[in-house]
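For reference, the structure is listed below as structure tokens.
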2 protein chains.
Amino acid sequence: MKTQDAPTVRQRILDTAARLFYQQGYPLTGINQLIAEAGVAKASLYQHFRTKDDILHAYLQQVSQQWFQQVSEAVAQGHSPKAKVLAVFDMLKEFLVAVNFRGCNFQNAVVQLAPEEQAIRTFIQAHKARMGRVFAELLADESLAEEITLLFEGALISSQIRGDLTPVATARRLVERLL
Amino acid sequence: MKTQDAPTVRQRILDTAARLFYQQGYPLTGINQLIAEAGVAKASLYQHFRTKDDILHAYLQQVSQQWFQQVSEAVAQGHSPKAKVLAVFDMLKEFLVAVNFRGCNFQNAVVQLAPEEQAIRTFIQAHKARMGRVFAELLADESLAEEITLLFEGALISSQIRGDLTPVATARRLVERLL
DNA sequence: GTCTATAGATGGATAGAC
DNA sequence: GTCTATCCATCTATAGAC
């Protein structure tokens with residue numbers, strides 16, 4: 001492995017892409033702005049990524065990894081299945097405040113995708129399926145886990161639209177009653 | 001009122017915009033494609049709308065009106081509050097199949113908005129608030145209505161991501177239990 | 001209302017020099 | 001890896017002629 005300092009450039013591109021794609025949206029973020037803010041040359045970018053779509057894919061992979069890192073930390077805090085599930089909803093609260101209610105990276109990406117980008121759509125489906133499995137493994141009740149996943153998704157998009165935490169509070173309240 | 005044939009051009013633009021914005025997304029749909037498919041001249045378009053944003057706004061207003069038309073038809077079919085609420089979820093099923101799981105016009109729009117387009121974001125919030133009131137008036141239970149609204153939103157986005165109806169079925173099942 | 005022409009910016013992507 | 005120059009397409013919007 002001779003890639004020792006290469007990660008620096010690639011990582012700077014990915015971090016900048018993560019910020020811009022999330023704040024402005026994927027179609028509204030141009031390559032020119034991306035390289036300007038990342039401080040890399042255009043030729044360097046195209047040495048690490050073949051297309052803009054490749055950057056989107058790599059960025060989503062990175063964010064997915066970070067997301068499940070946060071999820072498992074939240075799960076570790078609860079001392080019962082019920083407490084673990086509720087801890088995930090508490091994590092969601094903190095997350096939304098931290099990102100200023102810009103919603104879910106994956107929901108946002110799927111909405112902004114062009115019809116032909118099937119590979120990325122598939123990746124997002126896998127991410128969401130994995131999130132569903134987190135609840136399913138905690139609860140050992142497939143049907144209940146589906147309901148909670150649905151409330152989680154609803155809380156994500158609704159809080160983004162409203163710009164406040166009330167949907168998460170509503171979801172958490174109902175989850176507590178269901179468990 | 002001298003506007004008797006003017007609606008034709010304006011309406012053709014709006015209908016085409018509705019189709020393209022919904023299928024391809026707002027940023028990915030260009031004015032040039034819009035006028036080409038609507039069969040109007042560019043100068044004509046700018047006679048009816050000041051900016052592309054104005055078209056988005058008018059399109060959302062039109063779709064919102066049509067949406068609540070469908071909702072009240074669904075509500076009219078039920079013979080009890082519970083049946084009326086469930087009828088709305090049945091309507092959602094038909095809607096999603098008809099549009100091939102492209103999701104909610106308003107959720108999609110809010111995700112694709114640039115940060116500065118506050119007026120349109122406000123309109124979408126009002127649309128969703130009105131949808132919440134539909135459930136609230138049927139149930140006379142504010143907190144229960146919020147939960148059902150949340151399940152509705154979750155079913156919308158989840159079915160879009162998955163590309164099937166299982167989230168709506170899950171939502172409907174839980175709603176039936178809650179009522 | 002239509003048509004064409006064009007402005008002026010920006011899009012993604014490539015090539016060559018260093 | 002950097003820089004600059006450039007390709008061609010597309011973007012929103014305006015102007016002028018008919």
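All of the numbers you see were taken from the coordinates with simple rules; none came from a lab. Since the model is a prediction, treat every value here as computed from it, not as a measurement. We place every Cβ from the backbone using ideal geometry, glycine too, and count neighbours over all the protein chains shown.
Structure notes:
- Kirkwood hydrodynamic radius (C-alpha pairs) into Stokes-Einstein, segment B:52-178, 20 °C and 1.002 mPa s, D in µm²/s: 142
- Each Lys and Arg Cβ is given +1 and each Asp and Glu Cβ -1; about its Cα centre, chain B then shows a dipole of about 300 debye.
- Cα-based shape type of the protein assembly as shown, given that a ≥ b ≥ c are square roots of the gyration tensor eigenvalues and the cut on a/c is 1.5: oblate
- Think of segment A:26-153 as having a plus end and a minus end, set by charges on the Cβ of Lys, Arg, Asp and Glu; of A:Gln66, A:Tyr46, A:Thr149, A:Tyr46 sits farthest toward the positive end of this dipole.
- Cα centroid separation - segment B:45-63 against segment A:124-179, whole Å: 36
- Taking the Cα centre of the protein assembly as shown as reference, the dipole from Cβ charges on Lys and Arg (+1) and Asp and Glu (-1) amounts to some 480 debye.
- Take each peptide in B:29-36, A:154-161, count the other Cβ atoms within 10 Å of every residue, and average; sorted highest first, the result is A:154-161, B:29-36.
- For segment B:1-92, the list of trypsin sites (Lys or Arg not before Pro) that fall in a loop by DSSP and count at most 10 other C-beta atoms within 10 angstrom reads B:Lys2, B:Arg50.
- Exam field: B:Glu137 pseudo-label spacings to other copies (7 Å along Cα-Cβ), nanometres: 4.7
- Normalised by the number of residues in segment A:58-179, the mean separation of alpha-carbon contacts (under 8 Å, six or more apart) gives a relative contact order of 27 percent.
- Normalised contact order of segment A:1-49, rounded percent, pairs of Cα under 8 Å and 6 or more residues apart: 38
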